[in-house]
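The values are calculated or read from the model by the stated rules, or taken from the named source; none is laboratory data. Treat the numbers as computed from the prediction; the structure is a model and nothing was measured. Note that we place each Cβ from the backbone using ideal geometry, even for glycine, and neighbour counts take in every protein chain shown.
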Amino acid sequence: MASVAVVGAGVTGLVTAIECALAGHRVTVLDRGPIPNPASTSSDQHRALRVLRPGDLEGTRRMADARRRWLELESLLRTTLFRRVGVVTACTRDELEPALDTAGQAGLAAVAVSPEVLTPVVFPAGTGGVLDAGAGVLLADRFLRAAAEWLAAHPSVTLRPRCAVDGVDDHRVTLAGGSTVGADLVLVAAGPWNGELVEQPVVLYRQTMIYLRPPRDLAGWWASAPGVGRIGDGTAWLLPPGAGTLLKISSDAVCRKVANTTDPDFEPWADRLLAEPILTGAADYAVEAVRECHYAADPVDGGPMLGRIRPSVWSRPACGGSGFGTAPLVAKEILGAVMEVSA
């Protein structure tokens, strides 16, 4: 049996804590706020679980594995976490066959769809869609609550909310008051705040999200709608409403680099997003909320980062734009390192 300290109670930290507890290890989870923390970057109504990565067979297979694990977590936590509504990716004619070929090699049930069956959504001119029927939406906040409750009830887990961390060293986490928590392995998964504890260069992004309520005459259509990506100018996407969530839209057009999460914004980002060609008859949709989300990315390729920065310390400083869906894959890797320690 090993001891594991997890700094940060977002999705990566909580999934890792669950995996380690299930494997028989002692786990301490520390967060500067409550657990779950509504201020964390993981907190949201819903997040996409996109499995098909056109042209990337290995990435597609990895996401199929992530989906399998999410379904196992759903069973473990005894609550619905995944809405299998499907995800449509807009693509040109030249991109269609390679996308379907990737799906076929990965064993996914993907089919071509016409924009005509998704008339409330604006597709770029000259594109169609590929529907990955096994993809869908993760109910993010519901998972965070259920995971925190499960961990709180587990005898091998200690949750330490409102517990600020000042430093991380080999086998030790130093708290704001000067006390320490010892561990055989430490995972730092504090999102944009990782940089306060470990020195790993990342680029921090802020992206505007708008939550909409569809017009009444389209409520029935949206109740069974899929998620859709690469729409509008080719960089926009949406997640459908359902299970207590609203319709969410965003676009790379409103994603920008920032120095920190508290930098003020003076640009009309929400107006820019509403002006993007994402929805037919967009003026008929009621804006219920606007949110600025943050995520960190690798400064070289813009993707996620996970690394061992000291013999016993792992860091997840950047998740790219898909950190929620891939959290079980990170947890699997960390558990492998824990098993090496306890062998």
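Tabulated data for the structure shown
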| item | result |
| --- | --- |
| Which listed residue is in the same structural domain as VAL121 (by TED's automatic domain parsing), crowded, with 17+ Cβ neighbours inside 10 Å and under 28 Å from PRO54 (Cβ atoms), from SER224, SER250 | SER250 |
| Answer from GLY227, GLY220, GLY244, GLY191 - the residue that is at positive phi, modelled with pLDDT of 95 or more and not charged (D, E, K, R) | GLY244 |
| Test result for LYS257, within 23 Å of GLY320 (Cα to Cα), in the same structural domain as VAL130 (by TED's automatic domain parsing), of a type in the set (D, E, K, R) and surrounded by 15 or more Cβ atoms within 10 Å (Cβ to Cβ) | no |
| Hey, THR245 β-branched (Val, Ile, Thr), surrounded by 15 or more Cβ atoms within 10 Å (Cβ to Cβ) and touching a helix residue (DSSP H, G or I) at 6+ places or on another chain (Cβ under 7 Å) or not | no |
| Single match in VAL111, VAL137, VAL85, VAL130 (criterion: modelled with pLDDT of 95 or more, outside any helix (DSSP H, G or I) and farther than 24 Å from LEU218 by Cα) | VAL111 |
| First in the stretch 128-157 and of a type in the set (D, E, K, R), second anywhere and assigned to a helix (DSSP H, G or I) and surrounded by 23 or more Cβ atoms within 10 Å (Cβ to Cβ), Cβ under 8 Å, 6 or more apart | ASP132/ALA103 |
| Output for the stretch 238-271, where each listed residue is closer than 17 Å to ALA297 by Cβ and in a strand (DSSP E or B) | SER250, SER251, CYS255, ARG256, LYS257, VAL258 |
| Neighbours by Cβ (under 6 Å, 6+ apart or cross-chain): first from the stretch 287-312, over 18 Å from GLU196 (Cα atoms); second among the aromatic types (Phe, Trp, Tyr) | GLU288/TYR211; ALA289/TYR211 |
| Residues of the stretch 278-298 classified as over 17 Å from ARG213 (Cα atoms) and either assigned to a loop (DSSP other than H, G, I, E, B) or among the aliphatic types (A, V, I, L, M) (or both), total | 3 |
| Residue among ARG291, ARG316, ARG308 that alone is buried (at least 19 other Cβ atoms within 10 Å of the Cβ) and among the charged types (D, E, K, R) | ARG316 |
| Hey, PRO317 out of contact with any Lys or Arg (no Cβ under 8 Å at 6 or more places or on another chain) and in a loop (DSSP other than H, G, I, E, B) or not | no |
| Residue match in the stretch 77-88 (condition: surrounded by fewer than 17 Cβ atoms within 10 Å (Cβ to Cβ) and either farther than 30 Å from ARG160 by Cβ or in contact with a strand residue (DSSP E or B) (Cβ under 7 Å, 6 or more places away or on another chain) (or both)) | yes |
| When residues of the stretch 98-116 are limited to those that are surrounded by 14 or more Cβ atoms within 10 Å (Cβ to Cβ) and touching a residue at least 40 places away in the same chain (Cβ under 8 Å), the one farthest from LEU57 (Cα to Cα) | ALA110 |
| Residues satisfying the stated conditions in the stretch 163-176, i.e. free of Cβ contacts under 8 Å to residues at least 60 places away in the same chain and in contact with a Cys (Cβ under 9 Å, 6 or more places away or on another chain) | ALA176 |
| Conditions (1) assigned by TED's automatic domain parsing to the domain that holds ALA39; (2) closer than 17 Å to LEU49 by Cβ; (3) not charged (D, E, K, R); number of the one not met by LEU77 | (1) |
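Condition check ((1) in a loop (DSSP other than H, G, I, E, B); (2) buried (at least 24 other Cβ atoms within 10 Å of the Cβ)) across all residues:
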| position | (1), (2) |
| --- | --- |
| VAL15 | no, yes |
| ALA21 | no, no |
| THR28 | no, no |
| ALA39 | yes, no |
| SER42 | yes, yes |
